[in-house]
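I have placed the structure first, in the form of structure tokens, so that the comments after it can refer back to it.
The values are calculated or read from the model by the stated rules, or taken from the named source; none is laboratory data. Worth saying up front: this structure is predicted, and the values here are computed from it rather than measured. Heads up, the Cβs are rebuilt from the backbone with ideal geometry, glycines too, and the neighbour counts pull from every protein chain shown. Just the protein is used for accessible areas: all its heavy atoms, side chains included, with ligands, DNA and RNA removed. Shrake-Rupley method; radii C 1.70, N 1.55, O 1.52, S 1.80 Å.
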Amino acid sequence: MAEMLKALVLGIVQGITEWLPISSTGHLLLLDEVLHISLGDDARELFMVIIQLASILAVVVLYFSTLNPFTPHKDKQQRNATYLLWVKVLIATIPAGIAGVLLDDYMEAHLYRWPVIASALFAYGVLYLFLEKSSIGRASKRVTDLTSLTYRDAVMLGCFQMLALVPGTSRSGSTILGGIVIGLERQAAAQFSFFMAIPIMAGASLLKLLKLGFSYSVQEYVLLAVGFVSSFIVSLLCIKVLIAYVRKHDFSVFGIYRIALSIVVVAFFLTVGA
């Protein structure tokens, strides 16, 4: 029962932090150190992959009509607009996709360390505060919905997504704030960020699944299922909350939170290592 509760908590935290610009990696690193869920090394890695896939499935479910060109109520013009949206999403996926394939092993070997994560949390927290208080964050935006998004915007957002390869930066934070910098309204930037996550995270997760295999105990599969379901349900709620939030608020609160979390991470690991 205790292990199921740990899996539930990890799934909930993944569902919240994957979509908010506060770094799921930073939170899961801390929690994993505290909770010590009883899984083998491969099963633990698979668990993290599975709860990420659950978050992606939540986006697909919530935006199924938007992303599906074959929805019955769409006319020819709307179907063409959906096809173009997918083209832009795939274009935006290319930079991070290439970098991820080339650098994944290096990143895991050298950057998945608490000093890197804490530094990224702090640096991006300061950046959030700076951008939101500057003229960039307050300026009127030229892209108010995804139909106005250009191919150049898609490439630029793809480049911003590459920054999320560094643990602690936050994929959604990098792409949403990148969108604000190049002239997207927060809501449009958030939605496109969600859509960009589908191919890049689904592809990376599937590669991990093939690498890790499926030879696990019944108990491990139960924990995987608990984490998956909790991450999926919480992701559904969190995406809705974030879209509602960005309509009326900026990201300053997330900047403050990231700075505070970076301090907690440093204090925790210095204390543990002492």
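Quick notes on this structure:
- Residue within the stretch 198-220 that is of a type in the set (Gly, Ala, Ser), open to solvent by less than 20 Å² (accessible area, probe 1.4 Å) and modelled with pLDDT of 85 or more present: no
- Here ILE50 passes the criteria (1) open to solvent by 40 Å² or more (accessible area, probe 1.4 Å); (2) in contact (Cβ under 8 Å) with a residue 12 or more places away in the chain; (3) not acidic (Asp, Glu) except the one numbered (1).
- In the stretch 257-266, residue nearest to PHE122 (Cα to Cα) [restricted to those that are open to solvent by 10 Å² or more (accessible area, probe 1.4 Å) and in contact with a helix residue (DSSP H, G or I) (Cβ under 7 Å, 6 or more places away or on another chain)]: ILE259
- Only one of the numbered conditions (1) open to solvent by 30 Å² or more (accessible area, probe 1.4 Å); (2) modelled with pLDDT under 90; (3) hydroxyl-bearing (Ser, Thr, Tyr) is violated by THR150, and that is (2).
- Any hit, the stretch 127-149, residues being polar (S, T, N, Q) and within 30 Å of HIS27 (Cα to Cα): yes
- Whichever residue in the stretch 221-256 is over 22 Å from ARG113 (Cα atoms), of a type in the set (Gly, Ala, Ser) and open to solvent by less than 40 Å² (accessible area, probe 1.4 Å) and, among such residues, is nearest to the chain's Cα centre (by Cα): SER235
- Residue within the stretch 80-96 that is part of a helix (DSSP H, G or I), within 17 Å of SER193 (Cβ to Cβ), among the aromatic types (Phe, Trp, Tyr) and more than 18 Å from the chain's Cα centre (by Cα) present: yes
- Counting only helices (runs of 4 or more DSSP H) that sit completely within the stretch 105-164, those holding 1 or more residues that are of a type in the set (Gly, Ala, Ser) and within 17 Å of the chain's Cα centre (by Cα) correspond to 114-133, 151-162.
- Scanning the stretch 1-23 for residues that are in a helix (DSSP H, G or I) and within 10 Å of the chain's Cα centre (by Cα) gives GLN14, GLY15, ILE16, THR17.
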